[in-house]
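A short write-up of the structure that comes next.
Only the coordinates and a few stated rules stand behind these numbers; no lab work does. Note that the structure is predicted; figures quoted are calculated from it, not measured. Virtual Cβ from ideal backbone geometry, glycine too; neighbours counted across all protein chains shown.
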Amino acid sequence: MKYFIMFGPPGAGKGTHAAPMVKKYKLKHISTGELLRSEIAAGTELGKQAQALIEKGDFVPDVVVEGMIANTFAANPHVKGFLLDGFPRTIQQAIDLDEMLESRDEKVTGVISLMIPDEEIKARIKGRALVEGRADDANDETIANRIRTYHAKTEPLIEIYKEKGVYHEINGLGTIEEVQQRVFDLMDEIC
Ligand code: ADP
C-alpha cells in the first residue's frame, strides 16, 4: 500500500491538486480539513468542538484528527494507497503516523510539498473566502495565526521527511495547470 502526503502551507493548493491525483493514481483522499468541515456541517459533538478552534486558526487535538485517519484506513482495506492532505501537521502527528504505519508494516512513500510565499498565501486565502465561504478564510487574524502556526509547527516536518529521503518539493506558483503538470511529473517518478 502506498502512503503519500500532500504537504504545504494553508492555501498552497493541496486540496485542488489532490482531487485529480487521487483519480489518476487511484488513491483514497483523506483531507482532515474536509472531514472536520463535514462534522461541523452535520452538527456533531466533534464538529462543535472543532469549529471554535478552526475559526481561530488553531489546530484541533491530535486525538481527533488521528481518529479520523485511523477510521479511514480501516474502512478502505482494498485501495492502492492513500493521499493524506492536511495531516500530519505537527512533529507529534508525524511520529504517530509512523507508528500507525509501522503497525501495518508500511511507511510513508512520498511527501509532495507545494511551496508558495507567505504573501501569496494571504492573497489566495482571501480569494478563496469569496468563493467557498469558509469562516477561517475570512478573518485576517485567523489567516495570520494559521501562517504563524504553519511556520512554527508544520514546517519542521520538512527536515524529518528529508532525513527519511521521501521529501519532494514543487513550486506552487503558476497556473493550476502548470502546477498540476509538475505534480503529475513527480508522481510518475515516485509512484
Ligand atoms: P488549510 O490547508 O487551508 O489550512 P484545511 O482544510 O487543511 O485548510 O484545514 C482547516 C483547519 O482544520 C486547520 O486550520 C485546522 O484548524 C484544522 N485541521 C486540519 N487538519 C488538521 C490537523 N492535522 N491537525 C490539527 N488541526 C487540523
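Determine the shape class of the stretch 133-191: with a ≥ b ≥ c the square roots of the Cα gyration tensor eigenvalues, call it rounded for a/c under 1.5, and otherwise prolate if a/b is greater than b/c, oblate otherwise.
oblate
In what sequence, highest mean first, do 88-94, 183-189, 43-49 appear when ranked by Cβ atoms within 10 angstrom?
So the peptides 88-94, 183-189, 43-49, ranked by packing, come out 88-94, 183-189, 43-49.
Explain nothing, just the number: relative contact order of the chain, from Cα pairs under 8 Å at least 6 residues apart, as a whole percent.
After rounding, I find 33 percent.
What list do you get for ASP140, ASP96 if you sort them by fewest beta carbons within 10 Å?
ASP140, ASP96
I need the shape label for the stretch 1-46. Rule: rounded when a/c is under 1.5, else prolate if a/b > b/c, else oblate, with a, b, c from the alpha carbon gyration tensor.
prolate
Per DSSP helix of 4 or more residues, -39500 (n - 2.57); summed, then divided by the residues of the chain. What does that give at 222 nm, rounded to the nearest 500?
-17500 deg cm²/dmol
Report, in debye and to the nearest 20, how large the dipole of the chain comes out about its Cα centre when Lys and Arg carry +1 and Asp and Glu carry -1 on their Cβ.
Roughly 440 debye for the chain.
For a test of the definition: using alpha carbon positions, the gyration tensor, and the 1.5 limit on a/c, classify the stretch 42-191 as rounded, prolate or oblate.
Because a/c hits 1.5 or more and a/b fails to exceed b/c, the stretch 42-191 counts as oblate.
In whole Hz and in residue order, list the ³J(HN,Hα) couplings for the stretch 93-105 that follow from phi through the Karplus curve 6.51 cos²θ - 1.76 cosθ + 1.60, θ = phi - 60°; x for Gly and Pro.
Per residue, the Karplus-derived 3J(HN,Hα) values read 5, 5, 5, 5, 5, 4, 5, 4, 6, 4, 5, 9, 6 Hz.
Under Stokes-Einstein, with the Kirkwood radius over Cα pairs standing in for Rh, what whole-number D in µm²/s applies to the stretch 1-82 at 20 °C and 1.002 mPa s?
My calculation gives 155 µm²/s for D.
Rank by packing, highest mean first: peptides 33-40, 158-165, with packing defined as the count of other Cβ atoms within 10 Å averaged across residues.
So the order, starting with the most tightly packed, is 33-40, 158-165.
Might you report the magnitude of the Cβ-based charge dipole of the stretch 1-48 about its Cα centre, with Lys and Arg at +1 and Asp and Glu at -1, to the nearest 20 debye?
340
Project the alpha carbons of the stretch 89-166 onto their principal axes and report the range along each, largest first, in whole Å.
43, 21, 18
What list of ³J(HN,Hα) couplings, whole Hz, do you get for the stretch 173-179 from phi and the Karplus terms 6.51, -1.76, 1.60, once you set θ to phi - 60° and write x for glycine and proline?
Result, ordered by residue: 8, x, 6, 4, 5, 5, 5 Hz.
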